[in-house]
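J.: If you scroll down you'll find the structure; I have some questions about it.
The values are calculated or read from the model by the stated rules, or taken from the named source; none is laboratory data. What you are looking at is a predicted structure, and each value in this text was computed from that prediction instead of being measured. Glycine also receives a Cβ, built like all others from the backbone with ideal geometry; neighbour counts cover every protein chain displayed. Just the protein is used for accessible areas: all its heavy atoms, side chains included, with ligands, DNA and RNA removed. Shrake-Rupley method; radii C 1.70, N 1.55, O 1.52, S 1.80 Å.
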Number of protein chains: 2
Amino acid sequence: MSYPYDHRPIGIFDSGVGGLTVLQELLSGFPRETFIYLGDTARVPYGTKSPATVQRYTIQVAEFLLRQNVKGLVAACNTASALGLPALRAHCSIPVLGVIEPGCQAAVGLLRGEKNRVGVIGTHATIASDAYARSLALLVPECQVRSLSCPLFVPVVEEGWTSYPSSQLLIRESLQPFIDDPVDVLILGCTHYPILKPKIAQVLGSGTTMVDSAQEVALALNRMMGAGFILPASQRESIRFFVTDAAARFREVAARFLPQLEIKTVDVVDL
Amino acid sequence: MSYPYDHRPIGIFDSGVGGLTVLQELLSGFPRETFIYLGDTARVPYGTKSPATVQRYTIQVAEFLLRQNVKGLVAACNTASALGLPALRAHCSIPVLGVIEPGCQAAVGLLRGEKNRVGVIGTHATIASDAYARSLALLVPECQVRSLSCPLFVPVVEEGWTSYPSSQLLIRESLQPFIDDPVDVLILGCTHYPILKPKIAQVLGSGTTMVDSAQEVALALNRMMGAGFILPASQRESIRFFVTDAAARFREVAARFLPQLEIKTVDVVDL
């Protein structure tokens, strides 16, 4: 039996460049799919904003991508996933995927032994939403979750300051609670944080395994989209990038962030 | 001769909490004036956004304050002053004051000797606008101006991380060009930076004098508003605070930032 192939692109969005870590994973997981990426750079960061505002922005972003005729939507932003997903799913008739549930599934898969100690780091808004703790409790009720906001990690990554000694010290000071009292698995609950993975590993040591959601998102997307993903041997069309402001800065930060990702053009849109 | 007193409030705005350093100076400089402060917290930071976007936001903010019947407008945000002032003045029939010119006047007043070496630090957008260098060149054509963006200082202040060792090291690494090759006067070209003044002084030593625009803005406001400022012995009405998002966070950051400033209520408005 063969399925008709759905040639429409997949929409993926983030408040800024962070979601590119997820896009990169999806590009290698789905070599023939076409993607449209939208970074809401006029309104980044989402992580310090109120739940109502994050929800409003998330719906506006989704509406833009729906107008581009996407067949599925990936919220590659932890804050938008934590606060906007139910509203987004109610709003869209196409499949919608966030990063929280896949991240939690990956974390649970890594738990061994009796302690089940999971740490979650993210922005203020993500941590305040308690979305990770709730999602983990559904999967492993006896799971011990400790959450910590690390709001300075985002600007450090966006400014490309990852290899300065002050950033290494900032990471150590921020993660002190997980140095004093370690966790077995640490969820990087912000799409910017994977860029700091080697620095975080230096601070926490080998006793803590880190989870970033990107890989698990690719698996979840495959499950979610189902039959439409049986791929013909066609060439992928080029990926399209949109931002809501400051396209030059987006390209510059993305190049520092993910030098292997080729970004030809970035168009600015008004939502 | 006595003048009729204009009882309308003065509007003051910033992208977030930074402008509170200017408000505080105005409160002591004008003990009987009433102020309305607006922090555009839904869209902070302005410093990474494009000139067109900053201009659009600045006009929207001004329109809100004009509807509150203000008699004068202070752009207590360096990025808005650098990029939005001409458009703002064209848009408003009331006096409009920015922070760039007052800061430059203060810097020039401090120059002694033949070197005239002035440093300017600010956000990406402020530094890229070259507004300080142009304004200084009008006042002292032979002035040697060196500009440097320090974008991580804003999140450090907003998160209250000013006294961590990593922040002290970040300040040292950021200001290395002014350590290697000192300036006589350093303009703190961002309303957040005065909060870091003692830390910056530790790094640069006593050979560099720092200028923050707040005090000079009060003097400029007095000149600009003129006769309407001959004050009666009335009581000041309470200061009103508005934000475009996340009022609780604004109060929290403001309390860390300026504990002596009493903020009773903060109203959220949509622009």
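J.: Report, to the nearest whole %, how much of the accessible area of the protein assembly as shown belongs to carbon and sulfur atoms, 1.4 Å probe, protein only. Numbers along the way, then the final one.
T.: Details: 11230 of 22010 Å².
Its accessible area is 51 percent carbon and sulfur atoms.
J.: Taking each residue of A:47-53 in turn, how many C-beta atoms of other protein chains fall within 10 Å of its C-beta, and what is the average? Walk me through the intermediate numbers first.
T.: On the way: counts 0, 12, 8, 9, 1, 3, 8.
The mean count of partner-chain Cβ atoms within 10 Å per residue comes to 6.
J.: Using only the alpha-carbon atoms, how far is helix A:213-225 inclined from the longest principal axis of chain A? Give it as 0 to 90 degrees, nearest 10.
T.: Helix A:213-225 sits roughly 40 degrees off the main axis of chain A.
J.: Peptides A:238-244, B:248-254, A:175-181: what's the order by average Cβ count within 10 Å, highest mean first? Can you show the working numbers first?
T.: Details: A:238-244: 20.4, B:248-254: 18.6, A:175-181: 13.4.
Ranking the peptides A:238-244, B:248-254, A:175-181 by packing returns A:238-244, B:248-254, A:175-181.
J.: A further question follows. For the protein assembly as shown, with only Lys/Arg (+1) and Asp/Glu (-1) charged at the beta-carbon, what is the dipole magnitude about the Cα centre, in debye rounded to 20?
T.: Details: 46 positive and 48 negative charges, 79 e Å.
Dipole magnitude for the protein assembly as shown comes out near 380 debye.
J.: 5 Å is the cut-off here: which amide hydrogens, built 1.01 Å from N in the peptide plane, fall below it relative to A:VAL120, excluding neighbours closer than 5 in sequence?
T.: Under 5 Å from the amide H of A:VAL120 lie the amide H atoms of A:ARG146, A:SER147, A:LEU148, A:ILE187, each far enough along the sequence or on another chain.
J.: Now, a different point. Tabulate in residue order the Karplus-calculated ³J(HN,Hα) for the stretch B:240-255, using 6.51 cos²θ - 1.76 cosθ + 1.60 with θ = phi - 60°, rounded to whole Hz; enter x for Gly and Pro.
T.: Taking θ as phi minus 60°, the curve returns 10, 10, 10, 9, 9, 5, 6, 4, 4, 5, 4, 4, 5, 5, 4, 5 Hz for the stretch B:240-255.
J.: Once the dipole of the protein assembly as shown is set up with Lys and Arg at +1 and Asp and Glu at -1 on Cβ about the Cα centre, which of A:LEU258, B:LEU23, B:ILE10 lies farthest towards its positive end?
T.: About the Cα centre, the residue reaching furthest to the positive side is B:ILE10.
J.: Can you figure out the FRET efficiency of A:LEU138 with A:ALA52, using R₀ = 22 Å and their beta-carbon distance, to the nearest 0.05?
T.: The pair A:LEU138/A:ALA52 has a calculated efficiency of 0.30.
J.: Place the label 7 angstrom along Cα→C-beta at A:ILE59 and in each other copy, then list the distances from the first to the rest in nm, shortest first.
T.: 2.7
J.: Continuing with the same structure: Over chain A, average the accessible area per residue using a 1.4 Å probe and give it in Å², no decimals. Can you show the working numbers first?
T.: Details: 11010 Å² over 271 residues.
That works out to 41 Å² per residue.
J.: Using a 10 Å cut-off around each Cβ of peptide B:163-170, what is the average number of partner chain Cβ atoms that fall inside?
T.: Partner-chain Cβ atoms within 10 Å, mean over residues of B:163-170: 6.
J.: Charges on Cβ only, +1 for Lys and Arg, -1 for Asp and Glu, centred on the Cα centroid of the stretch B:100-213; of B:SER129, B:VAL185, B:SER174, which one is farthest towards the dipole's positive end?
T.: The Cα lying farthest towards the positive end belongs to B:VAL185.
J.: Sticking with this one: Relative to the first principal axis of the alpha-carbon coordinates of chain B, what is the inclination of helix B:100-110, with its axis defined by its Cα atoms, in degrees from 0 to 90 and to the nearest 10?
T.: 50
J.: Something else now. Enumerate the calculated ³J(HN,Hα) couplings along the stretch A:133-143 in order (Karplus 6.51 cos²θ - 1.76 cosθ + 1.60, θ = phi - 60°), each rounded to whole Hz, writing x wherever the residue is Gly or Pro.
T.: Here the 3J(HN,Hα) series is 4, 5, 5, 5, 5, 5, 7, 9, x, 8, 5 Hz.
J.: Taking only DSSP H segments of four or more residues, each worth -39500 (n - 2.57), what value at 222 nm results for chain A once the sum is divided by all its residues, to the nearest 500 deg cm²/dmol? Intermediate values should be presented prior to the final figure.
T.: Working: 12 runs with 120 residues, N = 271.
Per the formula, -13000 deg cm²/dmol.
J.: Another question about this same structure. Go from 0 up to the bin containing the longest alpha carbon distance in the stretch A:100-213, width 10 Å each, and give me the % of pairs per bin.
T.: Pair shares across the bins are 14, 51, 30, 5, 0.
J.: Average partner chain C-beta neighbours within 10 Å, per residue of A:118-125?
T.: On the way: counts 0, 0, 0, 0, 0, 0, 3, 2.
Mean partner shielding for this stretch: 1.
J.: Here is a follow-up. In Å², rounded to the nearest 100, what is the total accessible surface buried by chains A and B against each other with a 1.4 Å probe? Each step should come with its number before you reach the end.
T.: Details: alone 12110 and 12100 Å², together 22010 Å².
In total, chains A and B hide about 2200 Å² from solvent.
J.: Let me ask you something else. Could you give the size of the charge dipole of the stretch B:100-213 about its Cα centre, using +1 on the Cβ of each K and R and -1 on the Cβ of each D and E, expressed in debye and rounded to the nearest 20? Spell out each step's value before the answer.
T.: On the way: 8 positive and 11 negative charges, 32 e Å.
In debye, rounded to 20, the stretch B:100-213 gives about 160.
J.: Can you tell me the orientation of helix A:20-29 relative to chain A, as the angle in degrees between its alpha-carbon axis and the longest Cα principal axis, to the nearest 10?
T.: Rounded to the nearest ten degrees, it is 60.
J.: Defining the label point at 7 Å along Cα→Cβ, can you sort the distances from B:PRO31 to the same site in each other copy, shortest first, in nm?
T.: The answer, with the shortest distance listed first, is 7.7 nm.
J.: Suppose each label sits 7 Å from its Cα in the direction of the beta carbon; what would the A:MET224-B:SER163 distance come out to in nanometres?
T.: 4.5
J.: Please provide three numbers in whole Å: the alpha-carbon extents of chain A along the principal axes, with the largest listed first.
T.: The principal-axis extents, from largest down, are 53, 44, 36 Å.
J.: Shifting gears a bit: Could you tell me, in Å, what Rg and Dmax come out for the Cα atoms of the protein assembly as shown?
T.: Rg then Dmax for the protein assembly as shown, in Å: 25.0, 96.
J.: Same structure, new question: Show the residues, 5+ positions off or on another chain, whose built amide H is closer than 5 Å to the amide H of A:THR209.
T.: When sequence neighbours closer than 5 places are left aside, the close amide H contacts are A:VAL185, A:LEU186.
J.: Additional query: Nearest 20 debye, what's the magnitude of the dipole of chain B about its Cα centre given +1 on Lys and Arg Cβ and -1 on Asp and Glu Cβ?
T.: Working: 23 positive and 24 negative charges, 55 e Å.
It works out to roughly 260 debye.
J.: While we're here: Can you find, among B:PRO102, B:ASN116, B:VAL61, the residue sitting farthest towards the positive end of the charge dipole of chain B, where Lys and Arg contribute +1 and Asp and Glu -1 at Cβ?
T.: With unit charges placed on the Cβ atoms, the residue in question is B:VAL61.
J.: So, by mean Cβ neighbours within 10 angstrom, what's the order for B:96-109, A:156-169 with the highest one leading?
T.: Most protected by this proxy first, the peptides run B:96-109, A:156-169.
J.: Sorted by mean Cβ packing within 10 Å, highest first, what order do the peptides B:79-92, A:56-69 take?
T.: Values: B:79-92: 21.4, A:56-69: 18.3.
Those peptides, ordered most packed to least, come out B:79-92, A:56-69.
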